[in-house]
Every structure is written in structure tokens, then in C-alpha cells.
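The values are calculated or read from the model by the stated rules, or taken from the named source; none is laboratory data. Please read these numbers as outputs of a predicted model, since none were measured by experiment. Note that we place each Cβ from the backbone using ideal geometry, even for glycine, and neighbour counts take in every protein chain shown.
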Amino acid sequence: MTPKKSAIELLAPARDLACGLAALSHGADALYVGASRFGARQAAGNSLDDISRLIEAAHFYSARVYVTLNTLLFDRELPQVEDLVHQLYHRGADAIIFQDMALLEMDLPPIALHASTQADNRRPEKIRFLEEAGVEQVVLARELSLQEIAEIRRRTERIALEVFVHGSLCVSYSGRCFASHRWGGRSANRGACAQPCRLPYRVTTPGGKEIAGETHLLSLKDLCNGPNLEDLLRAGATSFKIEGRLKDISYVKNVTAWYRQALDRIVEKEPSWRRSSCGSEVFSFDPAPEKSFSRGFTDHFLHRRQKKATTLGTPKAVGVPLAKVLRVGKGYFTLPAWTDPGNGDGFCFFTARGELEGFRADRVEPEKTGKTGNPEWYRVYARFGSHLRAGTQLYRNHHQFFVRQVEKSRGTRTIDLRVSISGATSSAGEPLLVVTATDEEGLSSRMERSIPPSQRSGEAPSPDRGRANLERQFSRWGNSPFRIRELSLDLSDPPLVPLSWINSLRRDLAEAHQKKRSSRRPPDAVRPGRGTAPFPTDSEEPSLNITNTMARNFYRRHGVAGEIPPAPDILPREASRENEPADGSDRPVMICRYCLRHELGICPRERKPTGEAPAPPASPLLLEGPPGTLEARFDCTRCEMRLYLTSRQSGPEQAPVAREGPE
């Protein structure tokens, strides 16, 4: 269980500077952001200067910035990565998110290291090993249940547990998918995934019997664990991560704001828990994650193995079910009044053949007004083709009014201040006004200023007016990131000074305190020396993801003996026989907890009702699709599925990075 008084972290994606700033203003406690290279999202890189700006903005709120260097690395890249880590440390980054164990062999500055989910963090033995190696935080596999997370917490001591709570899901364990590389030379472990899991496949037996027609059986719904946040906390997780470094700024604002409110409700109910950054937010819209991009929601394996976990009809965002079409006319259709459609809304539906079609509303008009003066239904004018029928289930995947609300939202995040005003005398005997601002974390800034000669004590025509002016002007913080919570005046005879003088003092105090907060650096990480604790080889296959000499040396030092083959990501797509396992079988291109047999209702472990024929044994299934033919093999003991690419079609254009290898 998460210890009481633990700091709870809401970790939001920052595709770029604008998205990162938006995430902070909408409640993020931490950001994860890609550097210009070596991140698992090649299209989401950022310059060092932009990362520095994010660091300064985040540190003002005691929020943190984690930089992703979570691809596999080649030998010639290792000096570049080590140099980049030093630069990020000097710029104040709070942690590096990594996959490649080579980083644990480097001469790094004292910056915190977080193990990416790409490092395949599924089992307690692996997490305990990473803790002993000096890793401060670990991103757990998305497939874990509450019981498995709790067991990891029970068997570890200090390492913080980070879990994904929202966003896209991979069908394979992260870091254990090589399908994109084998198909088209674009390595997911190098940040260039071509997403073959989002393509349609036809499922047959090896004998050719069709089990399922062409559908998206490997395309999972999106994760949404908002209703399970308290359960995750009690299981031991403290960092809640939103997926989406390739999502737009509206998604970041909306989803971050929704989880901020959800976590604040938990903290309010359980005051012994606390958020890990400071400030309070005000939003100009009501957050609703279902109104941002999603393929439908699932909590994945958190409580149990689920059916209907995939988006069979399409890998695209369908949105939320709206209503069935009432009537279709020439160039228009009608919807019930409660659906409240608007101009520019996006709709979609599935045709009788199961194909997705979508369109935008050009114009919306009330069809009929009842006795109350409210419309009874709406007429929606749009170009929707010939397949829309009365009774068709319609989905709304773009809510124009809501999107505009979110786009306009800048979010307001302020830090509470207690301000005290008193008098003092300078060393030269001049009277001073002393103002001290103390924020909600106890950090203080002090400002002294000589009282203008004409307004010194005893010369003010009205002490009451002087007090009123000070109270009024120091209660006005305007567009600054501060909000006055308490104001106290310890002055027997407040001077009547010009309002401009008071405002200048208040602005200078705000600027000084803002600089003090933003310039703070994270504490240096304390990592143990290079140990020799044995790597838990029973928990995984370390050979799968070794692409450089340093990583190989790391595993050797930690007791991995014998021949360690290179990772699939640096082999030619047609792997040669000498690089295959000793039994001659090919390597899997995906390793999954998700199971096709379970999804299709033909799992031999599931009990059938009396009278039904038993399910077929867990023999392989074939998936035929654009990448070629995949063979699904089932390990019913471990309840896992492995996919093998047995024949390959022409893949997407190769990414040059995937053709490189260690030198």
C-alpha cells in the first residue's frame, strides 16, 4: 500500500513546449518530455533550450521534468547520450527515463534514473533488482493487475511505482514488440513504430478454417483508470501517467485537468496523502476525457482479463455513442433534442458492412418546437453519403463547442501567499517598510524599501487611509501566479504612500519570489556503486534487448552467463539461422498478455455451459494481414500469446535508424 503522507504525482506528456506549459497550468505535478534524439517517440523531440524553459516553469510549482532517453542505443551513440545526460543535469532536469541498461554503466552526474516501461517491468524480481541498481522510479507494465502491483510494492522498499492511467495501449508488452522492425525495418524500440497492431487481420486455423473475418483484433481500446485511482494508490502506486506525447494540446489540457480534479478529491478525502507539487487550478471548462481522442475505454487487466478489449471495426477514434438516427432526408437527418448537436460537430457510424464512415455537421436547426419553447429534435445538415439509415447508431467524435472551450482555456494555477507588512529602521536611521511573502510550502522572500521622506511616520494626514491603501493594493496580484491567502499589518502608524509606490513594491516582491521558486534545482541523486547483484534471469530474456557493448557488460557483471545473442532490432529483417534460438524456432515479434482465443471466446481454460462442445485445444492460429502472416502460439500455463511473423509482405518505407547496428 502507498504509505500515508506519500506525495502523489500526476505525470503528463509534453510533446513540445506549448503542450508542457498547458499541462502545468491544468494541474500536472510532473512532465515527461523527449530530447532531440533517443526518445521512444521520434516525432516528439525538443531542443535543450525548450526543455530548460519547461524546467524553469515546472520548478516554480515544485513540479518536475523527466526527459526520455528510452530507446535502445548503439555503441557509437553512447558518448552522445552520456554527454546529453550531463547537459540535462546542468540545466536542472529532474530525472532521465531510460530503457537501455548501458546507462547504468556510464559515468553519469547525480541525476535520478527512471526505468521506462520499455524495459519490460513486469515482475517483482526485476523491480527489486532495478532498485538495488539505483533506479529511483519504475514505470510498470500496463498489463499488471492490482494484486501484482501490490506484490511488487511488498517486495521492494524505496523505489517509486509509476503506472499508466490513461491513453493508448500496445497489444504487446512494451519493449517486447519487434513486429514493426521485422515487417518494415522501423524499430519500436528505436522510436519508429509503424503500428502493425492497428491493421486488420483475418484469423484462420493452420488448416485454413476461418475463425474471424478481417477485423482489427490486435488494436486495443484505450486505457482509462480514472475510476481506479484510489485502488492503485492503495496497491502502492504513487505516480499516475497520462500517455500522449503525440497527442495535441487540447487532449493534454482536457485529460490532465480531469485527472487533477479526480486526484484532488482523493487527497481531500484522505488528507494524509498529498499532491507532489503546489498551487491550485481553475479551469474555464468541465473536463471530460471521453470528448478527447479515444478508441473507447478499458481498465485492461487491472481487475480481471476482459473480453471486448479491442476496437474490431476501426483503430480510429469513434468517440462516444450519441443516439440512433430518427429520420433521414435529402441532405439532412434528425436527432433527439437531448443530443444537443452543434455546427461543426463530427459524427461517425458503421455501415451494414461494418465499415466506418464519418462526416462533419454543416448546419444544425431545431426541427420542431414544443409547448415549452424548446426543440423536440434537431435537423442536422451534412454530406454523409448514402449509407446512413434511420435507426443507425451514431457516434460523436468531435464536439465543436467543447473543443473551442478547451482551446481557449489557458488554465489558471496560483500559489497561495501569506504577506506580512511591518516597519523597521535602516542602519542610517531611515524608516523602512518591510514586506515578507511566505508561500504554501514555507518558502519566503523579503523586501525592504525606504519610506518616501514626505510620508514618514507622523507626517501622514490619515493613518487609516494608509492602512487601507496597503491592504487594498497588496490584495491585488493581478495576472501574477500568486494569490493572497492572508495579509497582516504590524504597523502602529501606517504611512500614506502613493499607490504607485505600493504597486511597485508588490511587483518587485512577486518577481523576486517567482525567481527564487523557479531557480531551485532538484537534489542530487544518491546511487550505489556498481554492484554485482545477480540479474533475475528467470524473469525474462535479457538477450532480447542488448544492442551495445555496455549493456552486454552490464548483464555480464550481474551474472548472465553463456552466449547472449544480439537484439532483434539490430538484425536483418530476415534473421539468419545462426542468430535464432538453439531449437531452430524463430523469435516472437510480439509477446502479449492479451489473448486472441480469449477475445474470440475459444479459450480452452474457460468452462463451457453444459451441452456445448468443448473449445478446441490451444493450437496455433494464423493472422493474415498487410504485414504478411502471423502465427499466434499460446502458452496457457503463463496465459500469454506469442506472435511469429512466418511470411512477410512489403512493409512501409524503412526508417534509416532501424538499419544501424553496433560498431
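Count, please, the residues in segment 583-606 that happen to be modelled with pLDDT of 60 or more and in a loop (DSSP other than H, G, I, E, B). Let's see the steps before the verdict.
Filtering segment 583-606 for residues modelled with pLDDT of 60 or more gives 586-606.
Restricting the remaining residues to those that are in a loop (DSSP other than H, G, I, E, B) gives 586-589, 593-595, 601-606.
The number of residues fulfilling the criteria is 13.
From the residues in segment 300-330 that are part of a strand (DSSP E or B) and among the hydrophobic types (A, V, I, L, M, F, W, C), which one is surrounded by the fewest Cβ atoms within 10 Å (Cβ to Cβ)? Filtering first and then ranking leaves V320. Against the numbered list (1) closer than 30 Å to Q306 by Cα; (2) among the acidic types (D, E); (3) at pLDDT below 90, E580 comes up short only at (1). For segment 453-466, the criterion of being under 37 Å from the mean Cα position of the chain (by Cα) and not in a loop (DSSP other than H, G, I, E, B) is met by no residue.
Going by the structure shown, is I502 surrounded by 14 or more Cβ atoms within 10 Å (Cβ to Cβ), without any contact (Cβ under 8 Å) to a residue 24 or more places away in the chain and either part of a loop (DSSP other than H, G, I, E, B) or not assigned by TED's automatic domain parsing to the domain that holds E56 (or both)?
On the way: surrounded by 14 or more Cβ atoms within 10 Å (Cβ to Cβ): yes; without any contact (Cβ under 8 Å) to a residue 24 or more places away in the chain: no; either part of a loop (DSSP other than H, G, I, E, B) or not assigned by TED's automatic domain parsing to the domain that holds E56 (or both): yes.
No; evaluated as a whole, the condition is false for this residue.
Among the residues of segment 156-174, is any assigned to a helix (DSSP H, G or I), surrounded by fewer than 23 Cβ atoms within 10 Å (Cβ to Cβ) and over 21 Å from the mean Cα position of the chain (by Cα)?
Taking segment 156-174 and keeping what is assigned to a helix (DSSP H, G or I), we get none.
No, there is no match, as no residue in segment 156-174 is assigned to a helix (DSSP H, G or I), surrounded by fewer than 23 Cβ atoms within 10 Å (Cβ to Cβ) and over 21 Å from the mean Cα position of the chain (by Cα).
Within segment 465-497, restricting attention to residues that are closer than 19 Å to P452 by Cβ and basic (K, R), the residue that is modelled with the lowest pLDDT is R465. For segment 224-274, the set of residues classified as of a type in the set (S, T, Y) and assigned to a helix (DSSP H, G or I) consists of S250, Y251, T256, Y259, listed by residue number. Scanning for something farther than 29 Å from G319 by Cα, outside the structural domain of P13 (by TED's automatic domain parsing) and assigned to a helix (DSSP H, G or I), does segment 186-195 turn up at least one residue? Yes, segment 186-195 has at least one match. Applying the selection to segment 62-83, what residues are under 14 Å from A102 (Cα atoms) and outside any loop (DSSP other than H, G, I, E, B)? Matches in segment 62-83: L69, D75, R76, E77, L78, P79, Q80, V81, E82, D83.
Looking at R476, R396, R472, R418, can you tell me which residue is farther than 30 Å from D340 by Cα and surrounded by 15 or more Cβ atoms within 10 Å (Cβ to Cβ)?
Working: R476 fails: surrounded by 15 or more Cβ atoms within 10 Å (Cβ to Cβ); R396 fails: farther than 30 Å from D340 by Cα; R472 fails: surrounded by 15 or more Cβ atoms within 10 Å (Cβ to Cβ).
The conditions single out R418.
For segment 281-299, taking the residues that are touching a strand residue (DSSP E or B) at 6+ places or on another chain (Cβ under 6 Å) and in contact (Cβ under 8 Å) with a residue 60 or more places away in the chain, the one that is surrounded by the most Cβ atoms within 10 Å (Cβ to Cβ) is identified as S294.
Rundown of residues vs (1) on the phi > 0 side of the Ramachandran plot; (2) surrounded by fewer than 23 Cβ atoms within 10 Å (Cβ to Cβ); (3) without any contact (Cβ under 8 Å) to a residue 60 or more places away in the chain; (4) not polar (S, T, N, Q), yes/no style:
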| residue | (1), (2), (3), (4) |
| --- | --- |
| Q80 | no, yes, yes, no |
| H86 | no, yes, yes, yes |
| M106 | no, yes, no, yes |
| I111 | no, yes, no, yes |
| R123 | no, yes, no, yes |
| A133 | no, yes, no, yes |
| E148 | no, yes, yes, yes |
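Here is a yes/no grid of residues against (1) at positive phi; (2) without any contact (Cβ under 8 Å) to a residue 24 or more places away in the chain; (3) not assigned by TED's automatic domain parsing to the domain that holds C603:
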site	(1), (2), (3)
F301	no, no, yes
Q306	no, yes, yes
G331	yes, no, yes
F347	no, no, yes
R353	no, yes, yes
L356	no, no, yes
R363	no, yes, yes
L394	no, no, yes
V403	no, no, yes
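For segment 396-420, taking the residues that are modelled with pLDDT under 95 and of a type in the set (S, T, Y), the one that is farthest from R327 (Cα to Cα) is identified as T412. Looking across segment 246-257, the residues that are of a type outside the set (S, T, N, Q) and either surrounded by fewer than 24 Cβ atoms within 10 Å (Cβ to Cβ) or free of Cβ contacts under 8 Å to residues at least 60 places away in the same chain (or both) come down to L246, K247, D248, I249, Y251.
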